[in-house]
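All remarks here apply to the structure that follows.
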């Protein structure tokens with residue numbers, strides 16, 4: 001019988017440390033060719049859209065799909081997990097918290113492999129729930145002592161700084177402009193719903209890692225062309241998906257600023273099949289569009305933990 005897990009149960013079962021370990025393992029296995037990816041596809045209805053993305057994580061013995069709907073400003077996320085050997089349905093999980101964890105962990109793994117070793121200052125652009133796991137993950141892999149956060153609504157950035165500073169034990173402060181968040185930061189985290197660049201690439205210092213994991217509409221550009229031009233290394237989580245979802249990269253390719261052959265995949269970097277950063281002075285750009293293996297890996301982790309702890313609800317089918 002399949003297991004049904006609520007969002008609140010996922011929160012009790014998986015920590016960010018757990019998610020980081022699971023996602024790093026997934027990227028390594030992906031880089032070695034032991035993961036198959038079903039890129040995101042979209043179906044439209046008069047009221048909204050259904051998105052489906054999936055993967056076969058054969059190293060875990062599972063396959064799965066994330067299905068979610070977008071109806072105006074309402075999002076509903078589920079992941080289905082199947083046994084790769086007999087096809088049985090193992091898990092149905094509400095995936096709001098799972099999605100925040102896996103997205104944050106993707107950025108955390110990127111920071112572990114692409115950021116300067118001694119990076120201590122982070123600029124955060126965005127103050128929503130997803131921006132929280134972004135900063136939490138980076139603080140797990142680098143000795144972060146200060147975070148500067150900017151969001152257009154002052155109340156949101158002030159609350160984010162207060163709560164994240166307290167939970168992570170770092171100095172976190174709200175700043176009044178994107179420039180204040182970016183200048184002097186060794187890592188810049190972008191997690192917004194903006195379709196326009198949220199900062200000027202001229203503000204980046206040598207050696208900065210920029211991560212962008214917000215809007216994935218094909219025409220949206222969370223970072224500007226200057227940032228792409230200044231990036232010595234460009235890395236994507238999933239190149240196949242990035243070619244139609246990473247607006248910053250597709251625009252740069254169309255304008256001749258970038259070639260797809262220059263874009264490396266994080267899985268290849270983690271597996272040692274491609275180089276990441278090779279000097280402390282390089283500017284590095286990581287574009288995360290979010291793809292199925294992340295959801296399948298973390299769903300399998302949640303399933304295993306739930307079985308161990310006797311959590312969740314068995315469902316008769």
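Fewest neighbouring Cβ atoms within 10 Å first, the residues 216, 298 line up as 216, 298. Starting from one equal scatterer on each C-alpha and no solvent at all, send me the Debye-based log10 I(q)/I(0) for the chain at q = 0.12 Å⁻¹, two decimals. Values returned for q = 0.12 Å⁻¹ are -0.78.
Separation of segment 1-52 from segment 93-148 is 17 Å, based on Cα centroids. Model label points for residue 59 and residue 75, set 7 angstrom from Cα along the Cα-to-Cβ axis, are 2.7 nm apart. Extending 7 Å from the Cα toward the beta-carbon at both residue 225 and residue 166 defines two label points whose distance is 4.5 nm.
Sorting 212, 41, 103 by the number of Cβ atoms found within 10 Å of their own Cβ, with the fewest placed first, yields 41, 103, 212.
Using just the Cα positions, wrap segment 116-290 in a convex hull and report its mean projected area in square nanometres, one decimal place. Write down the numbers at each step before the final one.
On the way: hull surface 36.0 nm².
Taking the Cα atoms of segment 116-290, their convex hull projects to 9.0 nm² on average.
Cα-based values for segment 1-150, radius of gyration first and Dmax second, are 16.8, 50 Å.
Output needed for segment 223-271: three equivalent-ellipsoid semi-axes, defined as square roots of 5 times the C-alpha gyration tensor eigenvalues, in descending order, whole Å. Display every interim value, and only then the final one.
Working: eigenvalues 61, 30, 15 Å².
Over the Cα atoms of segment 223-271, the semi-axes work out to 18, 12, 9 Å.
Put in order of Cβ neighbour count within 10 Å, fewest first, the listed residues 79, 52, 141, 234 become 52, 141, 234, 79. Subtracting the Cα-Cα distance of residue 159 and residue 12 from their residue separation scaled by 0.36 nm leaves 50.6 nm.
Every number here is computed from the coordinates shown, using simple stated rules; none is lab data. As the structure is a prediction and not an experimental result, all values here were calculated from the model. With ideal geometry, Cβ positions are generated from the backbone for all residues, glycine too; neighbour counts draw on all protein chains shown.
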